[in-house]
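J.: A single structure is presented below for examination.
The values are calculated or read from the model by the stated rules, or taken from the named source; none is laboratory data. Since we're looking at a predicted model, the values are computed, not measured. Here the Cβ positions follow ideal geometry from the backbone for every residue, glycine too, while neighbour counts run over all protein chains shown. To get the accessible areas, we keep the full protein, side chains included, count just its heavy atoms, and leave off ligands, DNA and RNA. Shrake-Rupley method; radii C 1.70, N 1.55, O 1.52, S 1.80 Å.
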Amino acid sequence: MVGVDLPEPQGQQREVVYLTAQGHLVVLGTAGSGKTTMAVHRARYLAGAPGIGGPTLLLTFNQALVTYLKSVGARAPGLTVESYHKFALGYLSSVTGGPIWVCQNKDKLVKQALEEVRASTRRAVAAQPLGFFLDELHWMAGHGVTTEELYLNGVPRIGRGRALAPDDRAVVYQVYRRYLELRAKTGRNLDWDDAASHVLAYLKVDAQARRYRHIVIDEGQDFTPEMIRSLAAAIPRNGSLTFFGDYAQQIYGSRMSWRSLGLSVSSRVEFAQNYRNSRQIARLAQAMSEMPHFRDEVDLVAPRTPTADGPLPTLVTVASKTEQLRQAAAYANGLAADRRVAVLMRTRAQESELRGYLDRRHKHYRIHRELRSWPQGPGVFYGTYSAAKGLEFDSVILPHCDADELPKSSEIVAHGLEEAMSREARQLYVAVTRARSELIILRSGQLTTLMPDAMSDLFYSLAS
């Protein structure tokens, strides 16, 4: 794989690279603060440092980021770079002595379980859409909730605008229990959500020497509590776990204390300097993070305004929604000759349509898990907000930023307006902060309420 130059760490960044090689360490930074740069340098250092070094695992959440990390220099003797789930399945296979078969049709089985439970209860919660139950089961697995007692009376349910009544939780647990029964009949004993709990359970009784002395987590805010607990258990007493994250970008995370995540933090460092975004883009991102629906109890690092200058984010009003993707592609085609441009969307549903509008004279790449080598040079990248996490581009184009599209209606139905806005705001924040110097936002009607008012001085407005 052809790589790109990894920036050298600067100032306090260098101190993080060479922090103690024992215990649990947390590094929080705002978008653009160089967390990935520090994570790669630290992993390489820990893999080869005389005396204190040893086999090191650099982990991130999705496969596209793994590919990117390898392209920016995450290669060294003794260093392994993987997604969490590849690590998990590899470990489970090693301790069980055979292949691990993961349930691939969880949605279908949960739907069947829900239909059966609906036929046996009159509780109104049973009428909630499938997405509501999938989200609740995802939360349960991510927090290690595997018994009815723990679900009803144990772990506080953080992250839902309105708490479920105990009788409603009992209905949800019925769906969960029936799902497990249906899954067992298929010969599968785990899914992607609860794989971490299986890893943790084995590690608690595994007396063998740990495979890795050091583990470094990049984009750690996306890891569930059970994932982090399992990684804390996967290092030896003389090893280290270094967590790099930004809770303003939290998509999969949990808003919990470090101790509840299994970490006894010996060192914590915060970075506020933004090295990526222009001052104008950073101002918009900061304004978004200060809006009421964005605030909660998580660890946020208030960014310092960067010095790099650039144009104001451009807010483009397009005549109709059907023209937004065509217009987004036109902007991308015009910029791709000498820039790396990303067109980012909330879901994958519109990717095929966008691809049909892209100019074949320019290289274009879909950001997804099958991207096995990281492209170099100018071109157009396209994918979802979450797929672009950890990446950066010269220019970013965001179509469909209308108020009736963000937050998604399905998210509002499943989680309620308040929680949907909180979740969707973080998704949009990720997309905005991928842009180094140019940001183009498209809408046809009212601008999404996840962004500041369209008439503010944060935007330059024009009509297409």
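J.: Put +1 on the Cβ of each Lys and Arg and -1 on the Cβ of each Asp and Glu in the chain; which of 282, 130, 11 then has its Cα farthest toward the positive end of the dipole?
T.: 11
J.: Given the peptides 392-398, 18-24, 191-197, arrange them by the average over their residues of other C-beta atoms within 10 Å, most packed first.
T.: Output ranking for 392-398, 18-24, 191-197: 392-398, 191-197, 18-24.
J.: Sticking with this one: Taking amide hydrogens as modeled 1.01 Å from N in the peptide plane, which residues meet the under 5 Å criterion relative to residue 365, leaving out close sequence neighbours?
T.: So residue 365 has HN proximity to 380, 381, 382.
J.: Still on this structure: Would the chain count as rounded, prolate or oblate if I go by the C-alpha gyration tensor, calling it rounded below 1.5 in a/c and otherwise prolate when a/b exceeds b/c, oblate otherwise?
T.: Cα axes put the chain in the oblate bin.
J.: Something else now. Each label point is 7 Å from the Cα along the Cα-to-Cβ direction; what then is the distance between the points at residue 96 and residue 320, in nm?
T.: With each label point 7 Å from Cα toward Cβ, the separation is 5.3 nm.
J.: Residue by residue through segment 59-64, what is 3J(HN,Hα) from phi via Karplus (6.51 cos²θ - 1.76 cosθ + 1.60, θ = phi - 60°)? Round to whole Hz and write x for glycine and proline.
T.: Whole-Hz 3J(HN,Hα) from phi for segment 59-64: 10, 9, 7, 10, 5, 4.
J.: Short version: ³J(HN,Hα) in whole Hz for each residue of segment 444-449, in order, from phi by Karplus 6.51 cos²θ - 1.76 cosθ + 1.60 (θ = phi - 60°), x for Gly and Pro, what are they?
T.: 3J(HN,Hα) across segment 444-449, in whole Hz: 10, x, 5, 5, 3, 6.
J.: Can you pull the one-decimal nm distance between simple spin-label points at residue 361 and residue 394, each 7 Å off the Cα toward Cβ?
T.: The answer from the label model is 1.6 nm.
J.: Here is a follow-up. At 7 Å along Cα-to-Cβ for each site, give me the label-to-label distance between residue 272 and residue 337 in nm.
T.: For the pair residue 272/residue 337, the computed spacing is 4.2 nm.
J.: Given a Förster radius of 51 Å and the C-beta distance between residue 348 and residue 167 as r, what FRET efficiency does 1/(1 + (r/R0)^6) yield to the nearest 0.05?
T.: Calculated value: 0.90.
J.: Now a separate question. How big is the gap, in Å, between the Cα center of segment 43-117 and the Cα center of segment 194-229?
T.: Cα centres, segment 43-117 to segment 194-229: 10 Å.
J.: Over the chain, give the accessible area per residue in Å² for a 1.4 Å probe, as an integer.
T.: With all protein chains present, the chain gives 42 Å² per residue.
J.: When the accessible area of the chain is computed with all protein chains present and a 1.4 Å probe, what percentage of it is carbon and sulfur?
T.: 50 percent
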